[in-house]
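K.L.:
Provided herewith is a single structure, encoded as structure tokens, for subsequent inquiry.
The values are calculated or read from the model by the stated rules, or taken from the named source; none is laboratory data. Note that the coordinates shown come from a computational prediction; the quantities given were computed from them, not determined experimentally. When we count neighbours, we look across all protein chains shown, and the Cβ atoms used for this are built from the backbone with ideal geometry, even at glycine. To get the accessible areas, we keep the full protein, side chains included, count just its heavy atoms, and leave off ligands, DNA and RNA. Shrake-Rupley method; radii C 1.70, N 1.55, O 1.52, S 1.80 Å.
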Amino acid sequence: MKKSGGKAVRYNKWGYIFLIPFIVVYVVFQLVPLITTIYNSFFENYMSGLTQIGPNFVGFENYKKLFTSGDIWQYFKNTMVLWIMCFIPQIFLSLLLGAWFSDVSLKLKGTRFFKTVIYLPNLIMASAFSLLFFTLFADGGPINNLLMQIGFISEPYKFLSHVGSTRGLIALMNCLMWFGNTTILLMAGMLGIDTSLFEAAEVDGATSTQVFFKITLPLLRPILIYVIITSLIGGLQLFDVPQILTNGTGNPVRSSMTLIMYLNKRLYSKDYGMSGALSVILFIITAILSIAVFKLSGNDDKRKE
């Protein structure tokens, strides 16, 4: 607030004015759909052949069906297994590359080129990536031909007919697509650390391993928490890669069927009540897991000195 000629000029209103576009977009595209989804979850509303059933108010019946059927637990397990299989190698690879590229003492050449290269897979559409892997690892694809030519196998290996290989391919694709983005984030955090800390540790005779675990990792904690939470949310929303790779079936034996694939099947059958209930459950699971990761990984700000 500034006084001019005895009158008070307030500038706070301009902040609210600039917030209006964001608030409008949030209300129209996020808040209203969220409320509508919660509302629809309490209704029986689906197509039976050409007949529309509902909407009929059924309360929490849709939620009861989801939990009593047992499918949601299996698909939740599949989703978490696929995320863990992707995230563990991704975070190790990203930390390794980030430490290399941010270490000035190594004097690496062409770092800008390599940073661009490792980020490029993130720009490729997941559908194109899935089709590429589907072709490479098909029964008569290049990978099987190569393995038979070198004598590693005598007959084509059915990668998409075994649980381990199917999950491994899905995890590998997601790791290749997202490790570049994670590397850039971690590298930015590492470059923001005061170099005097590393110099002091070097003077004290600390090894590179001790510097990484005693200085770099603790100071990277806020970035690591952000990476874990965003990766977890992305893992819970995993859809396009397994959908295309398994042709929407989630086979073998539904071992690669994720929660979003299950939701998509409900929406495709126009079962809006069950789809709404599943969406609400997925929202609650995401919120609980994100808060748990934040609480377990965060600093204890209440600790007294």
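K.L.:
Taking loop as defined by DSSP and a crowding limit of 15 other beta carbons within 10 Å, which chymotrypsin sites (Phe, Trp or Tyr not before Pro) in region 31-75 fit?
P.N.:
When the chymotrypsin sites (Phe, Trp or Tyr not before Pro) of region 31-75 are filtered for loop state and at most 15 Cβ neighbours within 10 Å, PHE60 remain.
K.L.:
Quick check: at a probe of 1.4 Å, how many percent of the accessible area of the chain sits on carbon and sulfur atoms?
P.N.:
After summing per-atom areas, the C and S share lands at 66 percent.
K.L.:
What is the extension gain from SER127 to SER105, computed as 0.36 nm multiplied by their sequence separation minus the C-alpha to C-alpha distance, in nm to one decimal?
P.N.:
3.9 nm
K.L.:
On a full-extension model of 0.36 nm per residue, what is the gain between TRP73 and ASP139, subtracting their alpha-carbon distance, rounded to one decimal in nm?
P.N.:
Details: separation 66, 0.36 × 66 = 23.76 nm, distance 3.14 nm.
Gain in length upon complete extension: 20.6 nm.
K.L.:
So, one more: Using a 7 Å offset from the Cα along the Cα-to-Cβ direction at both MET148 and LEU197, what is the distance between the two label points in nm, to one decimal?
P.N.:
For MET148 paired with LEU197, the spin-label model returns 5.5 nm.
K.L.:
Something else about it: With respect to the cross-link table entries LYS77/LYS265; LYS64/LYS270; LYS107/LYS214; LYS109/LYS214; LYS77/LYS295; LYS77/LYS158, which display a Cα-Cα separation exceeding 29 Å?
P.N.:
Flagged as over cut-off: nothing, all pairs pass.
K.L.:
If you take the charge dipole of region 226-305 about its Cα centre, with +1 on Lys and Arg Cβ and -1 on Asp and Glu Cβ, which of SER231, ALA292, PRO252 is farthest toward its positive end?
P.N.:
Most positive-ward Cα: PRO252.
K.L.:
Applying 1/(1 + (r/R0)^6) with R0 = 35 Å to the Cβ-Cβ distance of THR51 and ASN264, what FRET efficiency is obtained, to the nearest 0.05?
P.N.:
My answer for the efficiency is 0.95.
K.L.:
Moving on to the next point. Given the whole protein assembly as supplied and a 1.4 Å probe, what does the accessible area of ILE153 come to in Å², nearest 10?
P.N.:
Result for ILE153: roughly 40 Å² accessible.
K.L.:
Measuring from label point to label point, each 7 Å out along Cα→Cβ, what is the VAL293 to VAL25 span in nm?
P.N.:
Rounded to a tenth, the inter-label distance reads 2.4 nm.
K.L.:
Out of every Cα pair in the chain, what percent are spaced more than 27 Å from each other? Mind dumping the intermediate values first?
P.N.:
Details: 28107 of 46360 pairs.
Result: 61 percent of Cα pairs exceed 27 Å.
K.L.:
Along the charge dipole of region 153-285, pointing to its positive end and built from +1/-1 on Cβ of Lys, Arg, Asp and Glu, which listed residue (LEU217, LEU186, ILE153) has its Cα farthest out?
P.N.:
Positive-most Cα among the choices belongs to ILE153.
K.L.:
Right, here's the next one. Compare SER275, SER94, SER161 in a GNM of the chain, Cα atoms joined below 10 Å, and give the one with the largest fluctuation.
P.N.:
SER161
K.L.:
Pick out the long, greasy-scoring helices in the chain: whole DSSP H runs spanning 18 Å or more along their own axis by Cα, mean Kyte-Doolittle at least 1.0.
P.N.:
Helices meeting the span and hydropathy rule in the chain are 12-26, 71-102, 163-191, 221-236, 272-297.
K.L.:
Share of Cα-Cα pairs in region 1-133 beyond 18 Å, in percent? Provide the component values of the computation, followed by the final result.
P.N.:
Details: 7076 of 8778 pairs.
Value for region 1-133: 81 percent of Cα pairs lie more than 18 Å apart.
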